[in-house]
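Contents: one structure, followed by commentary.
The values are calculated or read from the model by the stated rules, or taken from the named source; none is laboratory data. Not measured: the values here are computed from a predicted model. Positions of Cβ are generated from backbone atoms using ideal geometry, with glycine treated the same way; all protein chains shown enter the neighbour counts.
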Amino acid sequence: MEQLQQVTATQACSGIRRLLILAGESSWSSKQVATLASLLPGDWLWVGAAAEFPLHCAPSAMRTLLGREFTHAVFDARSGLDAEALAALSGTLKAGSWLILLTPDWSRWSQLPDADSCRWSDSSQPIATPNFITHLQRCVLTDPESSVWRQHQPFSLPDYQPRAAWHSASGAPEQEQADILGALQSMPPGVAVVTAPRGRGKSALAGMFLKSLQGNALVTAPARAATDVLAFHAGDNFTFIAPDALLAQASSEEVAWLIIDEAAALPAPQLRQLIARFPRTLLTTTVQGYEGTGRGFMLKFCAGIESLTHYTLSSPIRWAQHDPLESVIERILLFDETDITHVAQGRITLGEVRQGEHQQLEQMYRLLSGAHYRTSPLDWRRMLDAQGQRYIAASCGEDIVGATWLVEEGGLDENLSRAVWAGFRRPRGNLVAQSLAAHGGSPLAATLRGLRVTRIAVHPLRQRQQTGQQMIAWAEQHARQGFDYLSVSFGFTDELWRFWQSCGFTLVRVGSHREASSGCYAAMALLPISEAGSLLTRHEQQRLERDYAYLQPWIEQPLPIASRPAPSLNGDDWLELAGFAYAHRPLEACLGSLNRLLEGCDLPMHALRGRVQGRLEINALCESLRLSGRKALLSAMRQEVQRALEKLDLSQSITLKNAVTQLQFFH
């Protein structure tokens, strides 16, 4: 312990942080970490489900602490490891700190169930995660600055190489910050973006800039607590307003600047609205993947903004260069960005990559995370250990220049599929398969087996060579045994749809609400493989065309759908209306059949006509009908449909009611 105290003192002088793992039984590691906390002064934040220190935070709430700083912390991974929370915690630790990671027995860890896997594996029970844990252990054991203290084994810290003395930031701008401040102060109307890994002083820069401004300025961010550093440097000029409240304000004409801290953590549509409200906007965001950001944020979001200037900060301010903790976390979670200015040239070959082929998966993840700015360590863990994952690599020699990630879906029991269609059940996973049942017209859709394309990317310098289409064609060819279709769910844009159409997909569903993350309407497309897949695809395409005249008024975007309306109710409509009336089918999934019912029935149905035909806002409609809220309105609409069905054909409505209500008892 005396050696530990000495090393901690030298860490503070050198401006670095380190990782120390305590691996063993829970009672043993709790005892050791309590001793450490008593010997080393600090905040000692505990991150874990069962807090053992006064200052504590659940892993799921770790994002709320971004922007704050602590000295020493414990991350409890004895029952499960939330990799994003671990990385976020590392970004909050001050120079001189230890990050203490508590794990199970080192030799058994990779074979033990990980409770965190329930978030990302689509399994109802925790699964072992041998590939990720083995990768983590390899990164730690080959890192000369990280240490593992194993129960029943002697422990001592290595003799670390001496480091130069480090001087903490004085509060004055560092050179990189000063250069950006000068540019911002003379910036014409437009948008500026400052990206940096955590600890580079981007929030401090935003605060310094705010303090220097003469006119009115506002600050917004995903969470008020995350702006503590910005507020400290801004002084009296700091005025925070939450994003929703800011957009609800009538006018922002007198505000010269809006500063958005951790901008990439906000939904893209909300971000675009905020930018449009102000003449000048400064966005700051972290480029490390635990916040679902990265180079993809610049490629996907910022590329569409005119008058945008991009600045970067590279030198750490809150700790020294080559910080050991930052380095090992980067290696574990693949945060270090690869050079995309060069790529292998030559013939491309396609092939499958399996979960045990670690080097190839690592290349694929880097490629995918550069292309999709919502890719995060949760995806890295899923790629390594979740069941039912398939990977196709487009390789040029030893380099992977294209990657497709697919997920096995469907194959549900017939009764379970019907219960999903009725809205009584929603088991984990099976995103497209369940949506085909829950929002589509076939109660047995989820019994078919599909492969969903969850990510696809091609290196920027090898694009426009049909590599994406070739990977999809390879997947289709190799899925003929055992699968009925390929599927994809995506935020609809004309460009994306042209790609999927060129791959042979058929559009089968478009949602009536914009996605919070992309600002686009959720679309779903199928590429049939088997005869059953072809029948399902044709049925859903025809249903979409039959309903499109009623869907189109809800969608503020022209879509490439041939409208083939049919005014009278058919057997599919009756079944769907029974699912809405007597079960939990959502309104959005039944817009076509509900409209046809309203046109063919003379009952008043004020709630349904107001919402479906009049598209009245829910609050206004509830007020006019004297209903208490959304749930009461939905209940009223279901009752109106019940009465309409009974009036049209009492015998058929009773038969369908009995059949549909029985579905709630299937598990």
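Some observations on this one:
- If the condition is being β-branched (Val, Ile, Thr) and farther than 18 Å from residue 181 by Cα, then the stretch 271-285 contributes only 275.
- When 108, 68, 78 are checked against the criterion of being modelled with pLDDT under 95 and among the basic types (Lys, Arg), 68 stands alone in meeting it.
- Tabulated pairs, the stretch 527-547, first more than 21 Å from residue 559 (Cβ to Cβ), second modelled with pLDDT under 95 and not aliphatic (A, V, I, L, M), C-beta under 8 angstrom, 6+ apart or interchain: 529/480; 530/480
- Under the condition of being modelled with pLDDT under 90 and assigned to a loop (DSSP other than H, G, I, E, B), the residues counted in the stretch 222-238 number 2.
- Qualifying residues in the stretch 248-278 (those that are among the hydrophobic types (A, V, I, L, M, F, W, C), part of a loop (DSSP other than H, G, I, E, B) and under 20 Å from residue 310 (Cα atoms)) - the one modelled with the lowest pLDDT: 266
Let's see how each residue does on (1) of a type in the set (Ser, Thr, Tyr); (2) surrounded by fewer than 17 Cβ atoms within 10 Å (Cβ to Cβ); (3) outside any strand (DSSP E or B); (4) on the phi < 0 side of the Ramachandran plot:
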site	(1), (2), (3), (4)
352	no, yes, no, yes
378	no, no, yes, yes
383	no, no, yes, yes
406	no, no, no, yes
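- Contact map, the stretch 581-610: first residue more than 20 Å from residue 545 (Cα to Cα), second residue modelled with pLDDT of 95 or more and basic (Lys, Arg), Cβ cut-off under 7 Å, separation 6 or more or different chains; pairs are 581/638; 582/657; 601/647; 603/643; 603/647.
- Exactly one residue out of 330, 352, 326 is modelled with pLDDT of 90 or more, of a type in the set (Asp, Glu) and over 24 Å from the mean Cα position of the chain (by Cα): that is 352.
- Matching residues, the stretch 620-635, being over 35 Å from the mean Cα position of the chain (by Cα) and either in a helix (DSSP H, G or I) or surrounded by 12 or more Cβ atoms within 10 Å (Cβ to Cβ) (or both): 623, 624, 625, 627
- Tally, over the stretch 123-136, of residues that are part of a loop (DSSP other than H, G, I, E, B) and surrounded by fewer than 20 Cβ atoms within 10 Å (Cβ to Cβ): 4
- The selection criterion, being at pLDDT below 90 and more than 24 Å from the chain's Cα centre (by Cα), does not hold for residue 286.
- Test: residue 61 is small (Gly, Ala, Ser) and touching a residue at least 24 places away in the same chain (Cβ under 8 Å): no
- Hits in the stretch 463-484 (condition: outside any helix (DSSP H, G or I) and either touching a helix residue (DSSP H, G or I) at 6+ places or on another chain (Cβ under 7 Å) or of a type outside the set (S, T, N, Q) (or both)): 464, 479, 480, 482, 483, 484
- When residue 335 is tested against (1) within 18 Å of residue 452 (Cβ to Cβ); (2) crowded, with 19+ Cβ neighbours inside 10 Å; (3) touching a residue at least 60 places away in the same chain (Cβ under 8 Å), only condition (1) is not met.
- Residues of the stretch 11-24 include none that is hydroxyl-bearing (Ser, Thr, Tyr), in contact with a Lys or Arg (Cβ under 8 Å, 6 or more places away or on another chain) and buried (at least 23 other Cβ atoms within 10 Å of the Cβ).
- Across the stretch 485-501, the qualifying residues are those that are touching a helix residue (DSSP H, G or I) at 6+ places or on another chain (Cβ under 6 Å) and among the hydroxyl-bearing types (Ser, Thr, Tyr), and the one among them that is farthest from residue 435 (Cα to Cα) is 485.
- Residue check, residue 2 surrounded by fewer than 19 Cβ atoms within 10 Å (Cβ to Cβ), over 21 Å from residue 329 (Cα atoms) and without any contact (Cβ under 8 Å) to a residue 60 or more places away in the chain: yes
- Checked against the criterion of being assigned to a helix (DSSP H, G or I), within 17 Å of residue 456 (Cα to Cα) and of a type outside the set (Asp, Glu), the candidates 499, 490 yield just one match: 499.
- Every residue from the stretch 16-66 that is over 19 Å from residue 6 (Cβ atoms), among the polar types (S, T, N, Q) and more than 26 Å from the chain's Cα centre (by Cα): 26, 27, 29, 30
- When residues in the stretch 582-613 are screened for being in contact with a Leu (Cβ under 8 Å, 6 or more places away or on another chain), on the phi < 0 side of the Ramachandran plot and assigned to a loop (DSSP other than H, G, I, E, B), 2 of them pass.
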